[in-house]
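Scroll down for the structure; my scribbles are underneath it.
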Amino acid sequence: MSFLNPVNEPVLRFKSTDAGAPQINYNARVAGDVKAVLKACLVTGYGAVTSAGWSIVNEVGSVAEFVSPSAAMSDYRLKISDSSTGTTTWSYFYQGTATSFPKGAVSKSFSSMDKASSENGWQLLVTQLGVLFVEILVNPYNNKRMARVTNWGQIKSAAASDTGANIGFWHAGVSGSANFTNDFYGYAAETYYNVGGVKTTTLSSANIVALTKTNESYGLINVDLTSDLYLYSGATLIGQQVGLLVGTVAQEVDLFGVYDDTLAGRPVLKLCLGRDDSRKDYLVKYCSVMYLHLDYWGY
C-alpha cells in the first residue's frame, strides 16, 4: 500500500434501513447497541444481508475484538467495549498489545438532537482494511439529518516504511462531547494516527476553507470545494485518509442532510458532519460536508 502502488479495496455498505438490521434507539441507549451493529455487519450478517467476512474473538458480553480477513491486517484487532449506556470505547490490539485512543470513548448522549425521530439511523461502510461508522440524527432546528462519523483502519501511506504500524482512528460530527468538526481539523489530540511509527501528525488539505471555522455568510463563497485529507509530520507527507473527501458548499441548503450523490463520476454518501447544537449561527459556522466513497477506497 503506497502512493506509488495504490490498492483499490471494494466497499461493502450496511444500513439500519435494511430488512432485519439491528437498530439503535437513540432516545434510550442501551449497553451493547453499537457492538451489536458491528457484529451483525462484520461477522454474522442479518436478514438476507451477508456479512463483511470478519471474525470475532474474545467476546464477553458487550466487549469484543474484530479481526479482518485481510493478510495486511493480520497484526491488528479492533476492540469495542460497549458495556455502558453512556459511551462506546474503541481501541485496538497490535501483535497482542493493547493500544488506547485519545477520545476513544465515543459518547452515546445527544442534547439538541431529535433523539426520537424515525429518520435517525446508522450506516457502516467496510473494506477489509477499515471501517467508517456513520450515525445519523435529525436536528430539530431545520428538521434535517446530520451525522457523526467514526473511522478506524489503515491509511494510504507515504511513509518510507509503514511496516509494523499503519492505523488511524477519529470521530467527528454530532456528539455529546466536545469533539466537534473544528476540533477534528485543528487539534492533534482529537485524532490518532500511527504511520511507520510516526504518531505526531497534522491534518492538511488543498481546500483550506474546509479546514477552518467558516464565519463568512453563505453567498460570499461562490464555489463548492472538495479535497482529500492529508497527514504530515512537520513538512513531510506521511499519509492520506482513505474513503472520504472534506468539503465546503456555497449555499446553506447544500450544507445539511445525509443522502446518496455522485462526485467526479463516483457514487458517494454526502453528509453534514454536524454539531449537537440548536443555534443556527453555530450550525452554519461549525458544520461541514463530508463525502464518503461508496465504490472503493484507495490504499
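The table below lists the values:
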quantity	calculated
Residue count for the range 263-288, restricted to those that are part of a helix (DSSP H, G or I) and either touching a helix residue (DSSP H, G or I) at 6+ places or on another chain (Cβ under 7 Å) or crowded, with 22+ Cβ neighbours inside 10 Å (or both)	3
Options K108, K156, K115; residue that is touching a Gly at 6+ places or on another chain (Cβ under 9 Å) and either farther than 23 Å from Y76 by Cβ or β-branched (V, I, T) (or both)	K108
Strands (runs of 3 or more DSSP E) wholly inside the range 26-104 containing at least 2 residues that are loosely packed, with under 15 Cβ neighbours inside 10 Å and out of contact with any Ser or Thr (no Cβ under 6 Å at 6 or more places or on another chain)	55-60
Where a residue in the range 11-25 is of a type in the set (D, E, K, R) and its partner, wherever it lies, is in a loop (DSSP other than H, G, I, E, B) and modelled with pLDDT of 95 or more, with Cβ under 8 Å and at least six apart	R13/L294; K15/A21; D18/G47
Condition broken by T262, with the remaining ones in (1) without any contact (Cβ under 8 Å) to a residue 12 or more places away in the chain; (2) among the polar types (S, T, N, Q); (3) touching a Lys or Arg at 6+ places or on another chain (Cβ under 8 Å) satisfied	(3)
Selection count where residues are within 18 Å of the chain's Cα centre (by Cα), in a loop (DSSP other than H, G, I, E, B) and loosely packed, with under 15 Cβ neighbours inside 10 Å, scope the range 241-262	0
Checking L125 against (1) open to solvent by 10 Å² or more (accessible area, probe 1.4 Å); (2) under 28 Å from D254 (Cβ atoms); (3) in contact with a strand residue (DSSP E or B) (Cβ under 7 Å, 6 or more places away or on another chain), the condition it does not meet	(1)
Close pairs from the range 283-299: first β-branched (V, I, T), partner at pLDDT 95 or above and open to solvent by less than 10 Å² (accessible area, probe 1.4 Å), Cβ under 8 Å, at least 6 apart	V289/L271
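Condition check ((1) of a type in the set (G, A, S); (2) touching a helix residue (DSSP H, G or I) at 6+ places or on another chain (Cβ under 9 Å)) across all residues:
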{"residue": "A40", "(1), (2)": "yes, no"}
{"residue": "G45", "(1), (2)": "yes, no"}
{"residue": "S51", "(1), (2)": "yes, yes"}
{"residue": "I56", "(1), (2)": "no, yes"}
{"residue": "V63", "(1), (2)": "no, yes"}
{"residue": "R77", "(1), (2)": "no, no"}
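The values are calculated or read from the model by the stated rules, or taken from the named source; none is laboratory data. Just so it is clear, the structure is predicted and the values come from calculations on it, not from any experiment. Methodologically, a virtual Cβ is constructed for each residue, glycine included, from the backbone with ideal geometry; neighbour enumeration extends over all protein chains shown. For the accessible areas, the whole protein counts, side chains as well, though only heavy atoms, and no ligand, DNA or RNA atoms are used. Shrake-Rupley method; radii C 1.70, N 1.55, O 1.52, S 1.80 Å.
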